[in-house]
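This report refers to the structure that appears directly beneath it.
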Amino acid sequence: MTDFFKGITPLRYDPSSTDLAFRHYNPDEIVMGKRMEEHLRFAVAYWHSFAWPGGDPFGGETFERPWFGDTMDLARIKADVAFEMFDLLNVPFFCWHDADIRPEGDSFAESLRNFEEIIDYFGAKMDGAKTKLLWGTANMFSHRRFMSGAATNPDPDVFAWSAATVKACMDATHKLDGQNYVLWGGREGYETLLNTDMKRERQNAGRFLQMAVEYKHKIGFKGAILVEPKPQEPSKHQYDYDVATVYGFLKDFGLEDEVQMNIEQGHAILAGHSFEHELALASSLGIFGSIDMNRNDYQSGWDTDQFPNNTPEVALAYYEVIKAGGFKTGGTNFDAKLRRQSLDAQDLIAAHAGAMDICARGFKAGVAMTEDGTLEAMRQDRYAGWDTSDAKAMLASDFSSIAERVASTGIDPAPRSGKQEILENIVNRFV
């Protein structure tokens, strides 16, 4: 045991507590036939909780953690602290990037040795432990070698380095029985067309993703391959801008049946959408997989990655997750970080506890809306005309026959209310 969380005891469900506790999240509560923990599938993000130093675009690190540094000994201390926090929060999952968990070596081979050593250290800690791996991924955006992208880089050697990195991360995810593998393009975009061959970059990115899918099948990895849309960060023109863009990309390269989406609330906002929009679209396209739960500051122009604290927003998100059939291999990963003034170990625990409570409240509101059924009944009523034989026949016909029917029958449609305010009032009954 380390001393980082000294004095903090494991959190329990206690609605009356005024201390660190869960007031809404009861992992054993049965909802829709399953334990709440099995519905929500919470995960801690290793990068924000243990690797982020507390910087922002205008200032350097504010956190002083005893594991900060570039040695293997410190990487093991970081892992010790991480698993202590997993136990305190009783979370079922965690997620990592390779660069979060090991120091960078002087060569690819040295970095790989460091990485594999920490993966073995994780494996030993996970033996007999509750917390498992939701997903692994590769950091192919922080190091200067990735300044022009990874899979989309104009230098073939960077593509090769990136492919070798993803292979190592997929091997490690498979070794730890991870339930998914995520690819997200932090720099898979361009800054100016003056030096960009967009067609070549898209083709190379598509081939890279095909290789990842091929390797999944080669090693017998049974989890899902997930792509996370990443708009405007840092490139204004990202090839993975939103769910619709990624789906078109997947169709272009024959991957729509092989790859699903990991959707982040903050990224949805940066793309000009709502979180529920992105979730609903992914569900309708059959590519919904998992979520990164956080929130953005709506007055800032970048991805602030704050912990969720808005029950109505979260309720609408989980309403769409429920409609999508819930999580299968995916879950709720807190891709969220403390504010740079929140320095204490207690802040880290409180942030996750509060977020888990907000998600529990939002999820239960989503369940209540689902079981009530009024929203869906009104939606079905609005589109009921499309279930008639005339409407179905029209879709099977052509413009000429439709025009003839309009002229011969004197069709003169009257507008019908969309009832938005009534629907919003219904939602407010539950949140």
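The values are calculated or read from the model by the stated rules, or taken from the named source; none is laboratory data. As the structure is a computational prediction, the values presented were derived from the model and not from experiment. As a convention, Cβ positions derive from the backbone with ideal geometry for all residues, glycine included, and neighbour counts pool all protein chains shown. Heavy atoms of the whole protein, side chains included, go into the accessibility calculation; ligands, DNA and RNA do not. Shrake-Rupley method; radii C 1.70, N 1.55, O 1.52, S 1.80 Å.
For the range 392-412, the criterion of being in contact (Cβ under 8 Å) with a residue 24 or more places away in the chain and either at negative phi or in a loop (DSSP other than H, G, I, E, B) (or both) is satisfied by no residue at all. Of the residues making up the range 169-188, those that are part of a strand (DSSP E or B) and open to solvent by less than 10 Å² (accessible area, probe 1.4 Å) are ASN180, TYR181, VAL182. Give the residue, chosen from ALA317, ALA365, that is surrounded by 12 or more Cβ atoms within 10 Å (Cβ to Cβ), in contact with a strand residue (DSSP E or B) (Cβ under 9 Å, 6 or more places away or on another chain), touching a residue at least 24 places away in the same chain (Cβ under 8 Å) and on the phi < 0 side of the Ramachandran plot. Of ALA317, ALA365, the one residue that is surrounded by 12 or more Cβ atoms within 10 Å (Cβ to Cβ), in contact with a strand residue (DSSP E or B) (Cβ under 9 Å, 6 or more places away or on another chain), touching a residue at least 24 places away in the same chain (Cβ under 8 Å) and on the phi < 0 side of the Ramachandran plot is ALA317.
Could you say whether any residue in the range 67-76 is hydrophobic (A, V, I, L, M, F, W, C), touching a residue at least 12 places away in the same chain (Cβ under 8 Å) and open to solvent by 50 Å² or more (accessible area, probe 1.4 Å)? Checked the range 67-76: at least one residue is hydrophobic (A, V, I, L, M, F, W, C), touching a residue at least 12 places away in the same chain (Cβ under 8 Å) and open to solvent by 50 Å² or more (accessible area, probe 1.4 Å). Would you call ALA360 farther than 27 Å from VAL259 by Cα and surrounded by fewer than 21 Cβ atoms within 10 Å (Cβ to Cβ)? For ALA360, the condition - farther than 27 Å from VAL259 by Cα and surrounded by fewer than 21 Cβ atoms within 10 Å (Cβ to Cβ) - is not met.
Annotation note: Cβ proximity below 6 Å between a residue of the range 1-27 that is in contact (Cβ under 8 Å) with a residue 24 or more places away in the chain and a residue that is of a type in the set (Phe, Trp, Tyr) (sequence gap 6+ or interchain) occurs for LEU11/PHE22; PHE22/TYR13; ASN26/TYR13.
Within the range 128-162, restricting attention to residues that are open to solvent by 40 Å² or more (accessible area, probe 1.4 Å) and without any contact (Cβ under 8 Å) to a residue 24 or more places away in the chain, the residue that is farthest from ALA212 (Cα to Cα) is GLY128. Residue-level check: of (1) assigned to a helix (DSSP H, G or I); (2) within 19 Å of HIS352 (Cβ to Cβ), ASP120 misses just (2). Per the listing ASP257, ASP252, ASP292, ASP297, the residue uniquely open to solvent by less than 10 Å² (accessible area, probe 1.4 Å), among the charged types (D, E, K, R) and either modelled with pLDDT of 95 or more or touching a strand residue (DSSP E or B) at 6+ places or on another chain (Cβ under 9 Å) (or both) is ASP292.
Residue-wise test of (1) out of contact with any helix residue (DSSP H, G or I) (no Cβ under 6 Å at 6 or more places or on another chain); (2) among the basic types (Lys, Arg).
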residue	(1), (2)
THR245	yes, no
PHE249	yes, no
GLU258	no, no
ALA271	yes, no
ALA280	no, no
PHE288	no, no
ASP297	yes, no
GLY301	yes, no
LYS328	yes, yes
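The selection criterion, being open to solvent by 60 Å² or more (accessible area, probe 1.4 Å) and of a type in the set (A, V, I, L, M, F, W, C), does not hold for PHE63.
If you go through the range 107-138 and keep only what is over 16 Å from GLN179 (Cβ atoms), within 26 Å of the chain's Cα centre (by Cα) and of a type in the set (Lys, Arg), you end up with just LYS125.
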